[in-house]
Structure formats: structure tokens, C-alpha cells
Amino acid sequence: MKRRAWLTLGAVVLGGGGIATYAVASPSTDNAGDLQPKRPVKVYNLALKAPETGERELPRTETKQFSLLGISWTGATKRLDGKAQVRTRSIDTGAWTSWQDLETDADPVEDPDERAGARGASEPLWVGPSDGVEVQVVHEDGTTSAGLPSGLKVNLVDPGIATAAEQRDTGDDTDPAAYAEDVTPSPTPTATTPTAPPSTVPEPSIVSRAGWGADEKLSPDPSEYNADVKAVFVHHTAGSNDYTCAESASIVRAIYAYHTAPDPSGNGWNDIGYNFLVDKCGTIFEGRKGGVDLPVLGAHTYGWNRESTGIAVLGEYTATGASNAALTSVARIAAWKLGQYGVDPNSTVQLKAGATQNNLAGTSFTAGSLYTFNRVSGHRDGYATECPGNSLYAQLPTIRAWASGPVQGLKLTSLTGATLSGSTYWTKGAITAKWSATTPASLISKFEVLVDGKVVATASGTATSAGTTLAAGSHKVAVRAVHQSGKTATTSALTVVTDTTAPTFSTTPKITLRTGTVTTTAAPVTLGWKAADSQALKQVSLLSPTTATFGPTTTSSSRSAKPGTASVWSMKAYDVAGNTRTSSPSYTPMILQETSATKSGSWTTRSSTSYLGGKSYSSASKNASLTWTFTGKSAAWVVSRASTSGQAYVYVDGTKVATVDLKSSTTAYRQAIWTKSWSSSAKHTVKIVVVGTSGRPTITTDGLVYIK
């Protein structure tokens, strides 16, 4: 809720109670080029005429322009026990709205005797530019004939056009700086005007009264001051949330007029009730005059104004929460005002009741007695009202936490330039810490990057990352956020190891022949290697002649190599810190046809496209042999296999090393059936000898493949 519009601004008188429906008036608008001409605030009055039947109603009527309305009645301390509803016609669309409720549980005037003719009033309702209105007021029991206060009036306000920003019609994202040309200086300290104490936190940007177009003739009385500010009461102004932020100054100006403009009888408040107002974009407006940095006596929370300041958020927050921008600004004002008196916004305080009454929860207060409140409380905590709405009330703990500190929700989200392995990050030295926090940046003084508990980098409160370079070794890295209050929050520390030593290939990448099918374009090989690192190996990648990536514990891979072609087998080892080592040996597979062997015994030549080179040797003669001589580091004997194939002995450098059976249930050609590898390249002989196996003595050989 906002300040009660205890004034009576224009309208319709409803006799002794009943239902009233009215229309009101307003001026027209002109356009001069891109600028709108300035137009003063106007308040309109229209009396209600009751039919002879005793009903109080007036059909919807066309009116002059207005944007805000409310109802008021005789008796500043009386409450309207009933329902007041309005509907209006939009100037832009010509459409009538549905019925909208007015909040009638507004606070009464605390000192009605000091304001002759002061009136009770509903909360004002912002409806936007309109030119027609209907109002109905019904008593609590649902009747239309009794129980309503006398002197009911409808109050219509046209806020006019008063500021340069409005003339420019800046739109929904109006920058608060558009109003900042006018800065209201604090009054010179006197016997009745206190000195503004410094605050423990920075003052937020505030649009002055001149900045939003206050007509100071509406509040000629001098300001009153409290001794200090012990608490903050949060309100909402009710009405629509559909306003644009370019309209915010107009809304503040209209509420001011509703609270202060005299009606024909000379009634009205001496100023707007709130000390500050905040729109949904987070723009802060100076409310009641007297100096934003002074403990100005407001009229916002009945019974508790003498020790507090009041902040109203423009809009209705019963079902919908206030924006983060609005919450941020409320937190900043609360922190700044309470910081002037050295108190924590997230603490409690004892306040002295200025009136005997109940709050919304039913708690009873007795004038002169002390009661405990949160330093940041809702209007409903002190008075029987729904204000500031259920949703905004539920957001008060967030406001307290943001205003008080430390920074909420601080997380170290990532470390770029470092790789996580297990629970440890590894880096070559340069890292960038990235973080996030739920407390708005405008409430944060700075962020600090800590390495082993010491500050190594500092960033502004709006920053989300900072870089540093770590020395060799293991470190603890954390981020500390410093709230504007000086309170700190620190993330959990991450272990980061700086490693600048490259991995090694303890076994150089090499290829060796393996069993499998051989063609003139591909020989089956095994690529083998072994990489190591002084700290932690991450992976090994094959860069050529093909590409692949392997885990840190893998040491071999089945590949193929093109015979007759030298190929570079380049591999790169990576450690988790990002250091690398590359090894790039070259190997050439060679095919030795059967015709290049030295023969003994009887051999027959066979021809087929299934053989390497289209030909092969076949023999069934026991002890017939073929001998190949080569210089290399790996060799494979290539054969044809069938169900009738026999056996052969294999000799290497004159020593029998194997008996190989070529028998196979299926026929297969160009099969590397036996392989052998050596640690280094050298001259070797491989001899195969026909065993002459009983019943299947024949073997067919296709040649020898070796790696040089």
C-alpha cells in the first residue's frame, strides 16, 4: 500500500451510504513536433446525484483526461467497511475496463486535529490515460442503503506533463539519468533540521522531487523530522503493473497530487506519504520532502512513522512478485538509510507504538508500548492491511539479505585455462576464475581472487571473472565477494596444480605387422606406444596418417598401412595441464613376392586375381622351402588357406621358431598367418619349409611383408 490519500480530491458525494457511479473530467493533450507540451497536474471533482429510489448511481459518463483515481470520505479516522469498484475508458483504445477493486484499508491520519478537514481515502489506482469512469461503493453487508461513511467523493487526477524526460516520451526503458539534472540539496541544519549522518554504504541514485515534476505549492508546510531511522516499512502502491517506466514520474506525481491537492473545502495532506518510491525498472524517486539523507517524518505506516522510513514499490504485488530491479533498489535504500544509523538491515528492533490497533496478523499493539519488528518490515506488520501484497511480502527476506550482506549465492563456476582431473585442476600457469552470485551487482563492492589465502586479483562488483598466473606447484584457489557493507563471502577453495613439464614417449610410436588380410594398398599393423607424464597424462592423439584419440592408459591400436609408401606416424601426448609432446617416426611396409625368395624343392606357380600380384607358389613336396632375406623390424608370412591346406615350419635366422597350420574351414586369400617383430631394424632371413602333412601336404604361399 502506499500513503493514504487522505485528501479529498474531487468527486461525488454519496449521502449516507450506498452505491455510487460517476464520471469525471480532464484536459486534452497536444503534440508539438516530437515534444509534448508541458501540462500541469489537475484534480477533478464530480458530485454524485442519487435517484429518488434511494440508490446511489450514475451511468458511465464521458470525462476529461485522467490517469489515476480514488475515493475519499468525511472523517480522517474512519474506515470504509465495504467494497469500492471502478471501471474506466481508455483514451487510446476507447474500451472500458472490467471492474477493478480499490484498496480501502488505507491508514488513517495520525494527527487529524492538525489537519483541519482531513479525510479518509482509498489507495489511489493508476489506470493510464482515460476519459470516462464509473464507480460503485457497497457496504460490507452487501446493501446499498446504509453503513457507508458520509461525504464519499471520487478523486480523479491528471498528472500532466512536467519533466523533460516525459516530453521526450522515452519509452519503457527510461534511464533514471533522464531525471537526474535536478538534485534536491539537503536543508541547512537548524534547530529543527538535523545534520545528515554518513552511511556505512553508498547512496543509490535517486530522482529528486524536481526531477519527477513535484509542484511544491501543493506542500507548503515545513518538513518534520524524527530522531533517527530504526526501521524500513515496505509498501506497494496498488493498481496496475502494466505501466511503462516512462510513466513512472507521472505516477509519482499523480500519487503526490492525490495525497495533497485540496478539494473545494480546503482539505488535503501536507505531502506525499512515502519517503521513497521505486518503479519496476528500479528507478528510485524521492518522496516526502525534507532531504533524502535526513530522517524525514513520513505518513506511510499508521502508528509507526516516528521511527521509520517508508518505501513504496509502484504496482500491485498480491499475486505477482516485484522485479529484481525493484527489489535491488529497495534493498539499496534500506541499507543506505539504516546504515546512516549503524544498524544491520537483517536484524530486529524494538519500536514504540504510536497508536492502539492491530496488524493484519491480528497482533495487538498498545500506544506507548515496545514491540519487536524486523528492520525491514512490510506495511501489514504494523497495520491491518494487505499491503505490500502477499508476493512482495514473501520477498522481504531476500531484500533483507541483499541489503545486509554477505553476498548471497556466490559460486566459483569454472576455471578456464585449467583442466579438471578427479578433484584437482591442472594448468600451465595462466587461469581465469569465473563466478556468479544472486546478490545484485549494485550491492557488491568488489570480488577478489584468492590463491593460498592471499589476494592476487581484484575485480569490480559487476565483474564475473578475473585472471591470474599461478607459480609452479599445488595451490588453493577461491573467490571472495565483498558486500557494500564490508561483509565477505568466500567460495570453497579448488585445488589447482601448475605443471609446465611436457609428457614423454617412453616408447616411441611404432608399427608392427599383425595377422589379417593383406592387399597391395593395406597391410594390417599394430600401432604401439607408451606415453608418461610427471603429474597426470590426459590423452594421446594420432595425428597422421589418420587421426584418433586414446585415453591415458591405452598403448596400442589396430591400424593399417599402405605397402610401398613411407608414412609418418605422428602422435601427440597431452597432460592435464595442457603441456604436450609430439613424436613422428616414419615407417614403410614392403611386400616381398614369392618370386623374390630362394627356392629349394618343387614349387608350382598359380595364377589368380585373389593372390598378391596375381600369382602364388604352391608345393606338396616335403622339405621344399622358400627363403626371404630383408632388413627391417617386423615381418609377416602371407598365405592362402583352405580345408585341405597343410603345415609349414618357420625358421628365423636359421632357427626353427614355429609350426604353422594353414588349414581353414573356409577358403581365404592373402592372409598374414604368422608374424614376428624386433626392437630395432636389422637384416633377417625367414625360411618356410613344407612339412608334408599326411592327407593334406599342400601349402600355398603369397609372399612376405616386412616393415623397414
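The values are calculated or read from the model by the stated rules, or taken from the named source; none is laboratory data. Just so it is clear, the structure is predicted and the values come from calculations on it, not from any experiment. Note that we place each Cβ from the backbone using ideal geometry, even for glycine, and neighbour counts take in every protein chain shown. When the accessible area is computed, the model is the full protein with side chains, heavy atoms only, and any ligands, DNA or RNA have been set aside. Shrake-Rupley method; radii C 1.70, N 1.55, O 1.52, S 1.80 Å.
List of remarks:
- By the rule of a second cysteine Cβ within less than 4.7 angstrom, the chain holds isolated cysteines at CYS387.
- The phi-based Karplus calculation (6.51 cos²θ - 1.76 cosθ + 1.60; θ = phi - 60°) puts the 3J(HN,Hα) values of region 158-163 at 9, x, x, 10, 10, 10 Hz, whole numbers, x for Gly and Pro.
- Leading residue at positive end of dipole, the chain (Cβ point charges), from GLY453, LEU314, GLY120: GLY453
- For the pair region 665-684 and region 597-659, the centres of their Cα atoms are 11 angstrom apart.
- In straight-distance terms, cross-link reach from LYS411 covers every one of the lysines whose alpha-carbon lies under 17 Å from its own, apart from those fewer than eight places away in the same chain; here that gives LYS434, LYS446, LYS476, LYS487.
- Summary of the geometry: region 88-107 and region 397-417, compared by the centres of their Cα atoms, lie 41 Å apart.
- Unit charges at the beta carbon, dipole of region 484-613: most positive-side option, LEU527, TRP569, LEU513: LEU513
- Helix-only CD estimate at 222 nm, as mean residue ellipticity for the chain, using -39500 (n - 2.57) per DSSP H run (n ≥ 4): -2000 deg cm²/dmol
- Nearby lysines by direct alpha-carbon distance to LYS676 (threshold 26 angstrom, same-chain neighbours under 8 apart not counted): LYS510, LYS530, LYS562, LYS599, LYS615, LYS622, LYS633, LYS656, LYS663, LYS687, LYS708
- Along region 270-281 the Karplus relation, 6.51 cos²θ - 1.76 cosθ + 1.60 evaluated at θ = phi - 60°, assigns HN-Hα couplings of 8, 4, 4, x, 7, 7, 9, 10, 10, 9, 5, 8 Hz to successive residues, with x for each Gly and Pro.
- Amide H contacts under 5 Å for LEU360, placed H, 5+ residues apart: TYR383, ALA384, THR385
- Think of region 198-340 as a dipole: +1 on every Lys or Arg Cβ, -1 on every Asp or Glu Cβ, centred on the Cα centre; then among VAL252, ALA238, PRO198, PRO198 lies furthest on the positive end.
- Cα-based shape type of region 585-629, given that a ≥ b ≥ c are square roots of the gyration tensor eigenvalues and the cut on a/c is 1.5: oblate
- DSSP beta bridge pairing in region 263-383, given as percent antiparallel to the nearest 5: 75
- Amide H partners (placed H, <5 Å) of HIS475, local residues excluded: VAL496, VAL497, THR498
- Dipole moment magnitude, nearest 20 debye, the chain about Cα centre, only Lys, Arg, Asp, Glu C-beta charged: 6760
- Three-way shape label, region 187-288, alpha-carbon gyration tensor, a/c 1.5: oblate
- Whole-number percent relative contact order across region 261-395, with pairs defined as alpha carbons under 8 Å at least 6 apart: 22
- The chain, relative contact order in percent, only Cα pairs under 8 angstrom and at least six apart counted: 9
- The structure shown yields semi-axes √(5λ) of the Cα gyration tensor in Å, and of the options [x] 94, 30, 21; [y] 54, 38, 21; [z] 43, 38, 22 that calculated value carries the label [x].
- Working from label points 7 Å from Cα in the Cα-to-Cβ sense, the THR488 to THR507 distance is 5.2 nm.
- Per residue, region 637-708 exposes 43 Å² of solvent-accessible protein surface, assessed with a 1.4 angstrom probe and all protein chains in place.
- Built amide H within the under 5 Å cut-off of SER414, gap 5+: LYS434
- GluC sites (Glu not before Pro) restricted to DSSP loop in region 270-343 with at most 16 other C-beta within 10 Å: none
- Relative contact order of region 549-675, taken over Cα pairs closer than 8 Å and 6 or more residues apart, is 17 percent.
- Fully extended contour minus Cα-Cα distance, from SER679 to THR598, at 0.36 nm per residue: 26.5 nm
- Taking every full run of DSSP H in the chain, the ones that stretch at least 15 Å from end to end by Cα along their long axis and average -1.0 or higher on the Kyte-Doolittle scale are 248-260, 324-339.
- Surface accessible to a 1.4 Å probe, TRP435 within the full protein complex, Å²: 10
- Theoretical FRET efficiency, 1/(1+(r/R0)^6), r = Cβ-Cβ of THR627 and SER586, R0 45 Å, to 0.05: 0.95
- Of all lysines in the structure, the ones whose alpha carbon falls short of 30 Å from that of LYS42, not counting any fewer than 8 places away in one chain, are LYS2, LYS64, LYS78, LYS83, LYS153, LYS217, LYS280, LYS289.
- 3J(HN,Hα) from dihedral phi, region 343-351, Karplus parametrisation 6.51/-1.76/1.60, rounded to Hz, x for glycine, proline: 10, 7, x, 9, 10, 10, 8, 9, 10
- Shape class of region 190-232 from the Cα gyration tensor (axes a ≥ b ≥ c, square roots of the eigenvalues): oblate, since a/c reaches 1.5 or more and a/b does not exceed b/c.
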